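Remarks on the structure that follows.
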Amino acid sequence: MDKLAIIGGRPLYGIVPISGAKNSALKLMAASLLTDEELVLENVPRLADVDMLLRLLNQHGAQSSFEDATLRLHAKDIISTVAPYDLVRKMRASFNVLGPLLAREGKAKVSLPGGCAIGARPVDLHLKALTAMGAKIDLDEGYVIAEAPDGLQGADIAFPFVSVGATEHVMLAAVLADGETKISNAACEPEIVDLADCLNAMGAKISGAGTASINIVGVDRLAGVTHRVLPDRIETGAYAMAVGAAGGELTLANADIDLLGAALPVLEKAGLSFEKTNEGVRVKTTRDRSLAVDIETKPYPGIATDLQAMFTAMMATADGVSHVKETIFENRFMHAPELGRMGAKISVDGQTATVTGVARLKGAPVMATDLRASMSLIIAALGAEGQTMVNRVYHLDRGFERLEEKLAECGALIERVSE
């Protein structure tokens, strides 16, 4: 199992190319099942999650090629409507093939996704929405068996709470449904808008994406298009906070800081400055130590839960005491004990972590528990004194493309070590 060895204390200088958004690319890939024409996606990151979903799409009959961040998908014929456990269990986003298969083929058998380290994240909302659209759904031995032989029907879907995955799933199913679908309390994330833009280019009729109310008028068929995946706002925030922890100045090429939402003014208050350039955005520190700032995660445009662990790592060496409240997932402070091994002073009470900043962390062996927590340990290690060994880096490979290469090119002493 690979590890990352990092010797901290070196400021970062250089250019970091920001990859396409993983959270958008995965749902756009699922959209390829909605048409018998080729869908070309540009700016797709080469990640373990992307490769895993690609295997699943190939199993459904999609032909593919992936070169220079351009992914070509052509599901001319669906040869299987079964999404097996071995493929779906490894990545939750795989479950979103259910809607497109139902919409196009009228049936699907999809494994329930596996558990998640950061929370239960049940798929009840997804199934209730598809049932409202006329699907007959049964659960049998860990599989969702869904049928809609006469096609899906438009429906009014009101979510009891905001869910990005459920919003995207309904969009993927409703574009080929008969009639009009209205989603209330929809997620507003930029990835929702990116999916809508792609589907509309394919011939869908979606309005309201990016607001809490989305309207979808079903069409008979969708066409193939070429679509460019938006830049990854989580990766953008991660490298910005790496500067906050280690110091220096980075140009985040291709980044769009407007996608950070409420996180941007918080990071500025903490001591980072952002300047838009022709290449993307330049970020640098304005203080010797970051300033302690309180945050609370919320649905977009609030501060993304995916940034919380990394922000906690930056606050570990901030000047003052910060309070980090997590409102999205019930178990997302597993990075706190690992940061504590490096000397961080973090106490967790329910959904709030109190972080008392220390002048400097010290390198130590640490264990990554999930994707975003992994990056928090990298950020902490970059600013720490001595060597940190980060175990279980396969989590990082799910969501950060060429991580050690990008950091090494900016002066970080980082090396992947294979056992």
Subject >> Qualifying residue in the range 8-22 (condition: within 19 Å of the chain's Cα centre (by Cα) and surrounded by fewer than 17 Cβ atoms within 10 Å (Cβ to Cβ)) >> reply: no
**OP:** Answer yes or no: is there a residue in the range 144-161 that is assigned by TED's automatic domain parsing to the domain that holds MET29, at pLDDT below 95 and under 17 Å from GLU189 (Cβ atoms).
**Re:** yes
Original post:
Taking ALA48, is it small (Gly, Ala, Ser), in contact (Cβ under 8 Å) with a residue 60 or more places away in the chain, outside the structural domain of MET241 (by TED's automatic domain parsing) and surrounded by fewer than 24 Cβ atoms within 10 Å (Cβ to Cβ)?
Top reply: yes
**OP:** Considering every residue within the range 105-116, establish whether at least one is of a type in the set (A, V, I, L, M, F, W, C) and assigned to a helix (DSSP H, G or I).
**Re:** no
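Being charged (D, E, K, R), within 30 Å of ILE379 (Cα to Cα) and either under 22 Å from the mean Cα position of the chain (by Cα) or part of a loop (DSSP other than H, G, I, E, B) (or both) is the filter here; which residues of the range 199-254 pass it?
Initial filter on the range 199-254 (charged (D, E, K, R)): 205, 220-221, 228, 232-233, 235, 249.
With the extra rule that they be within 30 Å of ILE379 (Cα to Cα), the set shrinks to 228, 232-233, 235, 249.
Hits for the range 199-254 are ARG228, ASP232, ARG233, GLU235.
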Original post:
Is one or more of the residues making up the range 331-348 among the β-branched types (Val, Ile, Thr) and in a loop (DSSP other than H, G, I, E, B)?
Top reply: no
Original post:
Taking the range 392-419, which residues are free of Cβ contacts under 8 Å to residues at least 24 places away in the same chain and of a type in the set (Ser, Thr, Tyr)?
Top reply: none
Original post:
Could you list, in sequence order, the residues of the range 367-395 that are over 23 Å from the mean Cα position of the chain (by Cα) and either among the β-branched types (Val, Ile, Thr) or not assigned by TED's automatic domain parsing to the domain that holds GLU326 (or both)?
Top reply: THR388
**OP:** Give me a count of the residues in the range 389-419 that are surrounded by fewer than 18 Cβ atoms within 10 Å (Cβ to Cβ), on the phi < 0 side of the Ramachandran plot and of a type in the set (Lys, Arg).
**Re:** 1
Subject >> Flag if LEU264 is in contact (Cβ under 8 Å) with a residue 24 or more places away in the chain and crowded, with 16+ Cβ neighbours inside 10 Å >> reply: no
Original post:
Could you list, in sequence order, the residues of the range 39-85 that are in a loop (DSSP other than H, G, I, E, B), over 15 Å from LEU28 (Cβ atoms) and touching a Lys or Arg at 6+ places or on another chain (Cβ under 6 Å)?
Top reply: THR81
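Of the residues ARG402, ARG341, ARG398, ARG332, which is farther than 20 Å from LEU272 by Cβ, over 22 Å from the mean Cα position of the chain (by Cα) and not small (Gly, Ala, Ser)? It would help to see each step written out before you state the result.
Values: ARG402 fails: over 22 Å from the mean Cα position of the chain (by Cα); ARG398 fails: over 22 Å from the mean Cα position of the chain (by Cα); ARG332 fails: over 22 Å from the mean Cα position of the chain (by Cα).
Checking each option against the conditions leaves just ARG341.
The values are calculated or read from the model by the stated rules, or taken from the named source; none is laboratory data. As the structure is a prediction and not an experimental result, all values here were calculated from the model. For neighbour counting, all protein chains shown are included, and Cβ atoms are generated from backbone atoms with ideal geometry for every residue, glycine included.
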